[in-house]
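J.: Before I ask anything, here is the structure I am working with.
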Amino acid sequence: LAFSAVTAGISMAVGVSHIASLVMMLVAFGLMFVVNKNAEKASGIFWIFAFTGLMGGALGPILNFYAAMPNGGSLILQALGGTALIFFALSGYALTSKKDFSFMGGFLMVGLIVVLVASLANIFFQIPAISLAVSSAVIMIMSGLILFDTSRIIHGGETNYIRATVSLYLNVYNIFVHLLSILGIFGGDD
């Protein structure tokens, strides 16, 4: 996460364009396959840094957009704090309760598919309420995935630290982006 934050800061400072951000995001998703293929090797560490670096770099234009708002710095910090609170609270709960959340897998997968379809539909319809609903749903689903993934790590369902890192990283990343979106919708007029 720290490396991703550094690359996001560099991306903001350099003023990476939205097109370059999209390219970085697409390359990062391609790297997910490389990370998965190399998860059992020492080179997996290099690939996970490349993946998280590109994902952080892709955040630059988004962060610059929110930073340009009158209270943009505050919105970004609130999203960061909220994301940390969600992650630590849910991971802490999964660790202390020792409850097995593997039963949630099917529900979460269906939720991801529904959110993906709604997101694609909203590209064409551009309805703000759908954007708000999608962001809210993504936060809920990623919160469930934090419980699910942490539970899998605790109970031995995921023994590869590189795959576990990617899973938790993507949960945190998506919560941050969508929490920032919601805060921008409600707090962007201050």
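J.: For the charge dipole of the chain, defined by +1 on Lys and Arg C-beta atoms and -1 on Asp and Glu C-beta atoms about the Cα centroid, which residue among A67, L31, G81 has the Cα displaced farthest towards the positive pole?
T.: About the Cα centre, the residue reaching furthest to the positive side is L31.
J.: Under a 1.4 angstrom probe, counting protein chains only, how are D100, D149 ranked by accessible area, largest first?
T.: Most to least solvent-accessible, the answer reads D100, D149.
J.: Same structure again: Output wanted: per-residue J couplings in Hz (rounded whole) for the range 16-28, from phi through Karplus 6.51 cos²θ - 1.76 cosθ + 1.60, θ = phi - 60°, x for Gly and Pro.
T.: Result, rounded to whole Hz: 4, 6, 5, 5, 5, 4, 4, 4, 4, 5, 5, 5, 4.
J.: Give the calculated FRET efficiency between F125 and Q78 to the nearest 0.05, with a Förster radius of 45 Å applied to their Cβ-Cβ distance.
T.: 0.95
J.: Here's another thing I want to ask about it. Can you work out ³J(HN,Hα) from phi for every residue in the range 76-81, in order, using Karplus 6.51 cos²θ - 1.76 cosθ + 1.60 and θ = phi - 60°, giving whole Hz and x for Gly and Pro?
T.: 5, 5, 5, 5, 5, x
J.: Here's something else I'd like to know. Would you mind calculating the gained length between A5 and Y161 on full extension (0.36 nm times residue separation, minus the Cα-Cα distance), in nm to one decimal?
T.: Working it through step by step, the gained length comes to 54.1 nm.
J.: The range 1-23 to the range 36-109: how many Å between their Cα centroids?
T.: 15
J.: In whole Hz and in residue order, list the ³J(HN,Hα) couplings for the range 131-136 that follow from phi through the Karplus curve 6.51 cos²θ - 1.76 cosθ + 1.60, θ = phi - 60°; x for Gly and Pro.
T.: Here the 3J(HN,Hα) series is 4, 5, 5, 5, 4, 5 Hz.
J.: Another one. So what's the Cα pair-distance distribution over the range 27-76, bin width 5 Å, in %?
T.: For the range 27-76, the pair-distance distribution reads 5, 21, 20, 14, 11, 10, 10, 7, 2, 0.
J.: From the C-alpha coordinates alone, can you work out the Kirkwood hydrodynamic radius of the chain, in Å?
T.: Mean inverse Cα-Cα distance, inverted, gives 17.5 Å.
J.: Between S135, S43, S11, which gets the highest mean-square fluctuation from a Gaussian network model of the chain, Cα cutoff 10 Å?
T.: In this elastic network of the chain, the residue with the biggest mean-square fluctuation among S135, S43, S11 is S43.
J.: Can you give me the pair-distance distribution of the range 112-182, C-alpha pairs, 10 Å bins, whole percents?
T.: 20, 44, 24, 10, 1
J.: Next question. Rounded to the nearest percent, how much of the accessible area of the range 35-140 (1.4 Å probe, protein heavy atoms only) is carbon and sulfur?
T.: C and S fraction of accessible area: 78 percent.
J.: Tell me the relative contact order for the chain as a rounded percent, counting alpha carbon contacts under 8 Å between residues six or more apart.
T.: 27
J.: Which one of V166, F3, A133 has its Cα pushed farthest toward the positive end of the charge dipole of the chain, where Lys and Arg give +1 and Asp and Glu give -1 at the Cβ?
T.: Of the listed residues, the answer is V166.
J.: Next up: Mean residue ellipticity at 222 nm from the helices of the chain, using -39,500 (n - 2.57) per DSSP H segment of n ≥ 4 over the full residue count, to the nearest 500 deg cm²/dmol?
T.: -28500 deg cm²/dmol
J.: Could you provide, to the nearest whole Å², the per residue accessible area of the range 1-119 with probe 1.4 Å?
T.: Spelled out: the 1.4 Å probe surface of the range 1-119, per residue, equals 58 Å².
J.: Can you list residues whose amide H is under 5 Å from K99's amide H, if they're 5+ apart or on another chain and H is modeled 1.01 Å from N?
T.: Those qualifying (amide H under 5 Å, at least 5 residues apart or on another chain) number zero.
The values are calculated or read from the model by the stated rules, or taken from the named source; none is laboratory data. Because the structure is a prediction, the values reported are computed rather than measured. Virtual Cβ from ideal backbone geometry, glycine too; neighbours counted across all protein chains shown. Accessible surface is based on the protein model in full, side chains and every heavy atom, while ligands, DNA and RNA are left aside. Shrake-Rupley method; radii C 1.70, N 1.55, O 1.52, S 1.80 Å.
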